[in-house]
1. Among the residues of the range 201-220, is there at least one that is at pLDDT 85 or above, more than 19 Å from the chain's Cα centre (by Cα), β-branched (Val, Ile, Thr) and part of a helix (DSSP H, G or I)?
2. Among the listed residues Ile487, Ile541, identify the single one that is surrounded by fewer than 21 Cβ atoms within 10 Å (Cβ to Cβ) and either at pLDDT 95 or above or farther than 30 Å from Tyr376 by Cβ (or both).
3. Every residue in the range 310-334 that is open to solvent by 10 Å² or more (accessible area, probe 1.4 Å) and more than 15 Å from Leu357 (Cα to Cα), please.
4. Tell me the residue from Arg415, Arg392 that is touching a strand residue (DSSP E or B) at 6+ places or on another chain (Cβ under 7 Å) and at pLDDT below 95, please.
5. Being under 15 Å from Met409 (Cβ atoms) and touching a Pro at 6+ places or on another chain (Cβ under 6 Å) is true for just one of Leu570, Leu560, Leu510, Leu576. Which residue is that?
6. With respect to Ala337, determine if the residue is without any contact (Cβ under 8 Å) to a residue 60 or more places away in the chain and either under 28 Å from Leu251 (Cβ atoms) or out of contact with any Phe, Trp or Tyr (no Cβ under 7 Å at 6 or more places or on another chain) (or both).
7. Please go through the range 253-270 and give me each residue that is surrounded by fewer than 23 Cβ atoms within 10 Å (Cβ to Cβ) and not small (Gly, Ala, Ser), ordered by number.
8. Determine, yes or no, whether His468 is assigned by the TED database to the domain that holds Arg331 and out of contact with any Lys or Arg (no Cβ under 6 Å at 6 or more places or on another chain).
Amino acid sequence: MAFMAQQHGAGRAVAMKAAARERKPRHSNGRVAAAAAAAKNLSKVEPGRHLAAVRLFPACLLALLVCLCVVKFFSSFSSQSLRIGARSRVVSSWEGSASTNVPRIPVAPLIMGRVDEDISTRSPELGSVLKNENFKNGTDSENKSRSERQAAISTENDPPPGKEESLTKTPQTAVSEIEAPKPRRSKISCDDKSKDEGFPYARPIVCHMSGDVRVTPATSSVTLTMPSQQVEAAARRIRPYARRDDFLLPLVREVAITSAASEGDAPICNVSHGVPAVIFSIGGYTGNFFHDMADVLVPLYLTTFHFKGKVQLFVANYKQWWIQKYKPVLRRLSHRAIVDFDSDSDVHCFDHVIVGLVRDRDLILGQHPTRNPKGYTMVDFTRFLRHAYGLRRDTPMVLGETSGKKPRMLIISRRRTRKLLNLRQVAAMARELGFEVVVSEAGGGGGSGGVKRFASAVNSCDVLVGVHGAGLTNQAFLPRGGVVVQIVPWGRMEWMATNFYGAPAAAMELRYVEYHVAAEESSLARRYPREHAVFRDPMAIHGQGWKALADIIMTQDVKLNLRRFRPTLLRVLDLLQD
């Protein structure tokens with residue numbers, strides 16, 4: 001362009017000089033005339049060049065402007081792409097085709113708690129996903145593809161294999177990098193049918209929520225964002241313990257289910273999770289092994305096992321000793337540190353939350369299309385327990401199969417009520433009949449180590465004998481096909497004996513034998529005259545309620561008539577020959 005301007009200026013100078021020469025007198029010599037003619041010819045050519053230069057100059061300016069616009073457009077497009085990529089995420093496997101939302105406020109990576117040792121990877125229930133792996137207490141992105149891991153919740157703070165810490169409550173002090181994607185539609189459904197066929201008492205309420213769900217332990221509430229016309233339908237209060245009766249009311253923390261018409265009306269999240277949540281209580285009657293199993297561990301298995309460890313547990317009425325006692329079971333159901341619902345101060349975001357635990361009858365898992373869609377059985381549960389505690393025996397010995405080997409019997413001793421007063425004589429008779437006898441009190445001490453020690457002792461035996469009580473719950477650790485002998489106290493205890501331990505034994509595919517104590521074998525014979533209602537009409541005692549039953553019938557001890565009890569042991573030997 002500069003070159004063209006120089007040429008244009010030079011042409012104008014030549015033309016002006018030629019015009020001046022033309023104004024000189026005609027008497028100029030021939031040389032001057034020739035120069036004038038040349039200048040005249042040059043002036044004829046210059047207007048064409050001038051016109052071309054004028055036309056080219058705007059074209060060059062236009063081209064430059066177009067180049068600048070193109071560069072700016074591509075720069076803006078690339079920046080926008082980077083922003084979109086930074087805010088996008090992958091929908092987890094259990095979320096299906098749910099849409100994703102871009103969070104309004106960027107948040108930091110979620111720091112998860114950890115467990116102190118690897119979980120056994122030999123369980124057939126956990127499937128190939130867990131085969132030959134060391135479990136880590138991290139996020140659900142561990143088993144995803146590389147492209148999914150790049151967008152899922154950060155796992156930078158996951159511990160290396162073998163460096164896990166104990167399974168204790170861990171306050172969530174950090175927040176996740178991005179919020180979990182929200183399904184298109186919010187939904188709540190509650191199983192609040194009080195009673196149904198075959199269930200002996202009120203069924204606990206369990207609510208499932210999906211959508212934008214906010215869990216706020218500080219206010220003991222769970223908030224679901226949903227349209228305003230559905231807000232009132234979602235409101236309710238639940239005690240998330242898997243048993244309902246009036247005695248439980250002061251023992252279980254209540255959880256309020258609320259709703260918000262918009263995201264702005266809901267509590268502000270500062271911890272986001274890519275897995276579902278389950279909120280339950282360990283208040284109630286826990287501390288008794290029967291209730292630990294029937295009211296918490298079996299319902300928790302039924303509610304969470306299909307998540308394959310990818311679930312966040314919130315525990316109300318938190319007891320550190322209880323968590324430690326059942327650590328092998330809890331860590332197998334969830335790979336994440338348990339959140340103390342009583343003291344946690346964060347607001348947690350989820351796409352799916354379950355408040356309460358699904359349960360069936362005591363120590364029984366039956367078929368049901370909604371409560372048990374996977375069709376889990378007590379055989380599945382006992383297999384799960386054996387793997388959780390590392391128990392090796394799956395089947396009992398067969399009598400006569402191995403020369404010189406005796407079937408092993410464990411007799412449960414009791415210190416308080418329903419003691420077996422002539423336990424030594426009973427054990428001696430069992431040895432005389434060919435049993436190897438072990439006598440032990442149920443539990444084996446506190447903590448998870450105590451439970452595991454007694455579970456190992458039970459699993460090493462072929463027969464478990466005990467007077468009606470929580471100790472018989474340990475039949476769950478017997479090898480499949482083992483024999484349970486329940487000594488049923490006096491006082492029309494048949495219903496309790498069968499429903500609490502007899503029917504569960506059959507559901508676990510154990511062989512079951514009952515021995516019913518006669519009136520003269522009960523210590524009640526020394527406390528009450530024979531004309532008392534406890535002998536004439538025991539059901540009248542039952543009719544007075546649990547307190548009367550517990551104070552009278554449940555406090556008796558038994559002294560077995562050895563001659564009368566002997567056929568029961570012979571029956572056990574017959575069962576072990578099959």
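The values are calculated or read from the model by the stated rules, or taken from the named source; none is laboratory data. The structure displayed is predicted, hence computed values, not measured ones. Because the Cβ atoms are built from the backbone with ideal geometry, glycine has one as well, and the counts that use them run over all protein chains shown. Please note that ligands, DNA and RNA were not included when accessible areas were found on the heavy atoms of the full protein model with its side chains. Shrake-Rupley method; radii C 1.70, N 1.55, O 1.52, S 1.80 Å.
1. The answer is yes; a qualifying residue exists.
2. Ile541
3. Lys310, Tyr318, Lys319, Gln320, Trp321, Gln324, Lys325, Lys327, Pro328, Arg331
4. Details: Arg392 fails: touching a strand residue (DSSP E or B) at 6+ places or on another chain (Cβ under 7 Å).
On inspection, the qualifying residue turns out to be Arg415.
5. Within the list Leu570, Leu560, Leu510, Leu576, the selection yields Leu576.
6. On the way: without any contact (Cβ under 8 Å) to a residue 60 or more places away in the chain: no; either under 28 Å from Leu251 (Cβ atoms) or out of contact with any Phe, Trp or Tyr (no Cβ under 7 Å at 6 or more places or on another chain) (or both): yes.
Here the answer is no, as Ala337 does not meet what is asked.
7. Within the range 253-270, Arg253, Glu254, Ile257, Thr258, Glu263, Asp265, Pro267, Ile268, Asn270 qualify.
8. For His468, the condition - assigned by the TED database to the domain that holds Arg331 and out of contact with any Lys or Arg (no Cβ under 6 Å at 6 or more places or on another chain) - is not met.
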